[in-house]
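**Q** Following this message is one structure expressed as structure tokens.
Where a number appears in this text, it was derived from the coordinates with a stated rule and is not lab data. None of these values were measured; they are calculated from a predicted model. Neighbour counts run over all protein chains shown; Cβ positions are idealised from the backbone, glycine included.
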Amino acid sequence: MKIFRFGYETGKTISRFDSNFVMSGILTCDKPAHIGCMHLEPNGIVGFHEASCPQLLLVVSGQGWVRCDADELVSVGIGDAVFWDQGEWHETKTDAGLTAIVSEADVLDPAQFMPLRK
């Protein structure tokens, strides 16, 4: 058995797109894919940018807001999974802090396993 860490202290600060968060890498694959743990401290933001491939954000702690092309902010919290298609503009931000697992891959189909939030 091997035990690895993906906590805040293992990550890298991301400032691209006027962002302010820490990303800890978890996994990459032979096919284009990336899984990481995103740590947003209070008042953290993943700046408004275009998804280069399908992206899935799984909130594991805290709460925040997400948006796409519309300016409307949608509240998200623990247990929410936010999916953006390739080419979709999006942003994530938080007042109190938020931690999320982020998956990026050419083929993602969260509807295959998860129901839509009501």
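**Q** Which chymotrypsin sites (Phe, Trp or Tyr not before Pro) does segment 29-118 hold that lie in a coil by DSSP with at most 15 other beta carbons within 10 Å?
**A** Those that pass, being in a loop and sparsely packed, are 113.
**Q** What does the charge dipole of segment 11-112 about its Cα centre add up to, to the nearest 20 debye, if the Cβ of each Lys and Arg holds +1 and the Cβ of each Asp and Glu holds -1?
**A** Using Cβ point charges on Lys, Arg, Asp and Glu, segment 11-112 gives about 400 debye.
**Q** Something else now. Take 6, 17 and order them by how many other Cβ atoms sit within 10 Å, fewest up front.
**A** Result, fewest neighbours first: 17, 6.
**Q** Mind sorting 23, 114, 38 by how few other Cβ atoms lie within 10 Å of their own Cβ, fewest first?
**A** Sorted ascending by nearby Cβ count, the order is 114, 23, 38.
**Q** Taking the structure as given and computing Rg and Dmax of the Cα atoms in Å, which label from [x] 14.3, 48; [y] 12.9, 41; [z] 13.7, 46 fits?
**A** Given [x] 14.3, 48; [y] 12.9, 41; [z] 13.7, 46, the calculated one carries the label [z].
**Q** In what sequence, highest mean first, do 49-55, 10-16, 93-99, 69-75 appear when ranked by Cβ atoms within 10 angstrom?
**A** Values: 49-55: 15.0, 10-16: 12.6, 93-99: 19.0, 69-75: 9.6.
Highest mean packing first, the order is 93-99, 49-55, 10-16, 69-75.
**Q** Working out 0.36 nm times the residue gap between residue 75 and residue 106, then minus their Cα-Cα distance, what length gain in nm do you get to one decimal?
**A** 8.5 nm
**Q** Hey, another quick one. Could you list 68, 37 so that the one with the fewest beta carbons within 10 Å of its beta carbon is first and the one with the most is last? Intermediate values should be presented prior to the final figure.
**A** Working: 68 16, 37 21.
Sorted ascending by nearby Cβ count, the order is 68, 37.
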